[in-house]
Amino acid sequence: MKIVDARVIVTCPGRNFVTLKITTDEGVTGLGDATLNGREQAVVAYLREHVVPLLIGLDPHRIEDTWQYLYRGAYWRRGPVTMAAIAAVDVALWDVKAKVAGLPLYQLLGGASREGLRTYGHANGRDIPELLDSVRARLAEGHTSVRVQTGVPGLRRVYGVHSGDPVPSGDRSRSEDARPLVEDWDTAAYLRHVPTVLEAVRAEFGPELPLLHDVHHRLSPQQAARLAKSVEPYDLFWLEDCTPAENQAALRLVRQHSTTPLAIGEVFNTIHDYKTLLDEQLVDFVRSAVTHFGGITPMRKLFDYAAVNQVRTGIHGPEDISPVGMAAGLHLDLAAHNFGIQEYSGHTDATNAVFRHAYTFEGGYLHPGEAPGIGVELDEEAAAAFPYRPGYLPVNRLVDGTVHDW
Ligand code: CS2
Ligand code: MG
């Protein structure tokens, strides 16, 4: 079998998604997600100019070889643009292979290790009462675990929550203006506020509900250690991205001071970004998404490396991972023994109409479905009705105007 066509399709049914579609000489097609939020067109150019010409004529069954050819063959390794492009090829090839086999992808990855995938949803509120309502809404949808984020007194806009939004959400923080939205930040105010939020949530929902919180890379190691220690009484399922992720050794200090479980990795691109964290067991959950990590091929290696260190998985699943990227992750989740939890924000109706998917969310559990391949079909006509719209993620400034991590 040979690859005869590879096309990059960009669509914006509410937000931008970049999809690679590979076609073989036997008419089998495969899809891969290459969406890099706020920098979408860089991956489009990488694929169209540098990758698509290399794919034509290759045997789609040679997935590992193609991965190494694109990764090592470029000489310039790693980085989100490169790895999103390679991920799209890798997932499209797994999709083809599983379709040819007539099996849902998870069967090729070892078969199901569980009946369904436990999820967490996002609860956001400008203040605590609004947050409590949002937690109730997520529970009513079926989520069995909830990530809690609130506004911080004195700050106008923080990650996930905006004054003025009727239903605040991480997604609405995305600007489609000519320049990024500016959010504001005060670490001391945040560190004082978070324990009071968790206290209120525990008081309302009791000790059993698994709770998560995302710091979004904003703290120094010392501040992160202090937060991890101060939230210990509230028994978090995980504390996410408590320090900027590129400094792996920073997590040592946090670990020395707290037993709060730690999750990290949504901005990582390769297994090397986890080396110290896994070798020294400095984290409890790996957060990478198939889309930003080079595909299913390296994610399987990461999951096994994590398992050796008794670390579980918690794949990144915000709305900016397309249904193609979500589906790829769900097949891995179902097969992996060390699955932990799956983040699930869902997508707009328009997105679900463009990307028709076999995966389901029922009774609080996700399942990738039984369709051959990854189980997603792209309706190209519907996609064409939603052309690309430029957009940025926000930037973050301290109250004196200094740029801070977002
Ligand atoms: C995130 C995302 O889901 C998460 O945990 O941190 O909301 C992240 O901000 C976006 O994916 C950025 O594109
Ligand atoms: Mg996050």
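The values are calculated or read from the model by the stated rules, or taken from the named source; none is laboratory data. Given the structure is predicted, the values throughout are model-derived calculations rather than measurements. Methodologically, a virtual Cβ is constructed for each residue, glycine included, from the backbone with ideal geometry; neighbour enumeration extends over all protein chains shown. Protein only, heavy atoms only, side chains kept; ligands, DNA and RNA dropped before computing areas. Shrake-Rupley method; radii C 1.70, N 1.55, O 1.52, S 1.80 Å.
Miscellaneous remarks
- For the residues 324, 311, the requirement of being on the phi < 0 side of the Ramachandran plot, in contact with a His (Cβ under 9 Å, 6 or more places away or on another chain) and more than 15 Å from ligand 1 (Cβ to nearest atom) singles out 324.
- Pairs are defined by a Cβ separation below 6 Å, a sequence spacing of at least 6 or placement on different chains, a first member in region 384-406 that is under 21 Å from residue 42 (Cβ atoms) and among the basic types (Lys, Arg), and a second member that is at pLDDT 95 or above and open to solvent by 70 Å² or more (accessible area, probe 1.4 Å); no pair meets this definition.
- Residue check for residue 293: outside the structural domain of residue 82 (by TED's automatic domain parsing), open to solvent by less than 10 Å² (accessible area, probe 1.4 Å), within 16 Å of ligand 2 (Cβ to nearest atom) and in contact with a Gly (Cβ under 7 Å, 6 or more places away or on another chain): no
- Residues within region 35-86 that are part of a helix (DSSP H, G or I), among the small types (Gly, Ala, Ser) and within 24 Å of residue 16 (Cβ to Cβ), tallied: 4
- Residue 63 under 14 Å from residue 2 (Cβ atoms) and in contact with an Asp or Glu (Cβ under 8 Å, 6 or more places away or on another chain): no
- Any hit, region 120-128, residues being surrounded by fewer than 20 Cβ atoms within 10 Å (Cβ to Cβ), in contact (Cβ under 8 Å) with a residue 12 or more places away in the chain, of a type in the set (Ser, Thr, Tyr) and over 26 Å from residue 53 (Cα atoms): no
- Across region 269-290, the qualifying residues are those that are away from ligand 2 (no atom under 16 Å from the Cβ) and open to solvent by 20 Å² or more (accessible area, probe 1.4 Å), and the one among them that is nearest to the chain's Cα centre (by Cα) is 271.
- Tally, over region 307-327, of residues that are more than 14 Å from ligand 2 (Cβ to nearest atom) and either of a type in the set (Ser, Thr, Tyr) or closer than 19 Å to residue 376 by Cα (or both): 7
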